[in-house]
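J.: Dropping the structure in here first, questions after.
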Amino acid sequence: MYKKQLINSNNINYLLFEPTHNNKHVTIIIYHGWGSSIYNQTFFASILANFGYTVIIPEIIYHDSRESLSNYFSKTIMEQYFWKTIIQSVEDVRMFIQSLSLSDHKLIILGSSMGGFIASGAFVQEQQIDALININGSGAWLTSEEIFQKQGSDAYSDIDAITQLDPINFLHNVKNRPILLLHGQEDTVISPIGQQTFYELALASGEVENSHLSLTLYPHINHSISLPMLENIVNWIEEKFAITENTHQL
């Protein structure tokens, strides 16, 4: 069981899911995908909260009450705002985390799709984050931008901003913190090549042990989160932060 509330901190609204029993002192901050909403993440958050994890879902710039856009999937709007949203959100993370009362909690940042870009960018910048979970996103920003262009998108107007904050340029900051990368092998929206590139470079960097770095590609899965992905996430968190005798099945 859990309790849910909408809270405002530093002018950012967020949903808070707090377990009412078996609190495992782990907080998970979830960043959603492009054109989505914090309210679309409640099912996912409720699963995690029922396993004893505190879950926080902050509103993302240009979404929900923060200057929302009229048509997220207009080509022009996506090209103008997708990377702008990611970069601004990474910059928001530090102040947002500082505004939270995490006490003795371990902190995991989790993102799906665009949220995976945000989570990866914040993870390599903020040492107070204990682990990263990236679902159908990318930690190799410039690689993904090049793929977007091959798929027909115009180049982002400020490529230098992408390059300067590209997580692969900050692998020296990983410092052996656990990383879980999950991706649909058939993803036609965000190519898994971004995740694979980040994984290979992180492994080669020597900044993270093999046991703390995991990449799983899911056959026959496009740009979605499957039940096996959810099971993998819960069991991985249990293994890294709240070890129990048995793995969980959803």
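The values are calculated or read from the model by the stated rules, or taken from the named source; none is laboratory data. Just so it is clear, the model here is predicted, and its values are computed rather than measured. Here the Cβ is made from the backbone with ideal geometry for all residues, glycine too, and neighbour counts use every protein chain on show.
J.: Counting just the residues of the range 235-245 that are at pLDDT below 95 and among the β-branched types (V, I, T), which one comes out nearest to the chain's Cα centre (by Cα)?
T.: Step by step, filter the range 235-245, then rank; the result is I243.
J.: Select from the range 1-28 the residues that are in a strand (DSSP E or B), without any contact (Cβ under 8 Å) to a residue 60 or more places away in the chain, surrounded by fewer than 18 Cβ atoms within 10 Å (Cβ to Cβ) and not hydrophobic (A, V, I, L, M, F, W, C) and list them in ascending order.
T.: K3, K4, Q5, N8, N13, E18
J.: Please state which one of S103, S99, S74, S37 is in contact with a strand residue (DSSP E or B) (Cβ under 7 Å, 6 or more places away or on another chain), of a type outside the set (A, V, I, L, M) and surrounded by fewer than 19 Cβ atoms within 10 Å (Cβ to Cβ). I'd like the intermediate steps shown before the answer.
T.: Values: S103 fails: in contact with a strand residue (DSSP E or B) (Cβ under 7 Å, 6 or more places away or on another chain); S74 fails: in contact with a strand residue (DSSP E or B) (Cβ under 7 Å, 6 or more places away or on another chain); S37 fails: in contact with a strand residue (DSSP E or B) (Cβ under 7 Å, 6 or more places away or on another chain).
Step by step, each of S103, S99, S74, S37 is checked, and only S99 is in contact with a strand residue (DSSP E or B) (Cβ under 7 Å, 6 or more places away or on another chain), of a type outside the set (A, V, I, L, M) and surrounded by fewer than 19 Cβ atoms within 10 Å (Cβ to Cβ).
J.: Would you kindly identify the strands (runs of 3 or more DSSP E) lying entirely within the range 29-148 that contain at least 1 residues that are of a type in the set (S, T, Y) and in contact (Cβ under 8 Å) with a residue 60 or more places away in the chain?
T.: Details: elements: 54-58, 106-112, 131-135.
The qualifying strands (runs of 3 or more DSSP E) are 106-112.
J.: Scanning the range 170-193 for residues that are among the aliphatic types (A, V, I, L, M) and touching a residue at least 60 places away in the same chain (Cβ under 8 Å), which turns out surrounded by the most Cβ atoms within 10 Å (Cβ to Cβ)? Steps first, please.
T.: Applying the first criterion (among the aliphatic types (A, V, I, L, M)) to the range 170-193 yields 171, 174, 179-182, 189-190, 193.
Narrowing the set further to residues that are touching a residue at least 60 places away in the same chain (Cβ under 8 Å) leaves 189-190.
Values: V189: 14, I190: 25.
So the residue we want is I190.
J.: Scan the range 163-193 residue by residue and report those that are in contact with an Asp or Glu (Cβ under 8 Å, 6 or more places away or on another chain) and among the charged types (D, E, K, R).
T.: The answer is K175, R177.
J.: Sticking with this one: From the list S74, S37, S70, S46, which residue is more than 18 Å from I7 (Cα to Cα) and modelled with pLDDT of 95 or more?
T.: Values: S37 fails: more than 18 Å from I7 (Cα to Cα); S70 fails: modelled with pLDDT of 95 or more; S46 fails: more than 18 Å from I7 (Cα to Cα).
Just a single option satisfies the conditions, and that option is S74.
Table: residues versus (1) at pLDDT 95 or above; (2) closer than 24 Å to A49 by Cβ; (3) surrounded by 19 or more Cβ atoms within 10 Å (Cβ to Cβ); (4) out of contact with any Asp or Glu (no Cβ under 8 Å at 6 or more places or on another chain).
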residue: Q195; (1), (2), (3), (4): yes, no, yes, yes
residue: L201; (1), (2), (3), (4): yes, no, no, yes
residue: S214; (1), (2), (3), (4): yes, yes, no, yes
residue: L217; (1), (2), (3), (4): yes, no, no, yes
residue: H223; (1), (2), (3), (4): yes, no, no, no
residue: S226; (1), (2), (3), (4): yes, yes, no, yes
residue: I233; (1), (2), (3), (4): yes, yes, yes, yes
residue: T247; (1), (2), (3), (4): no, yes, no, no
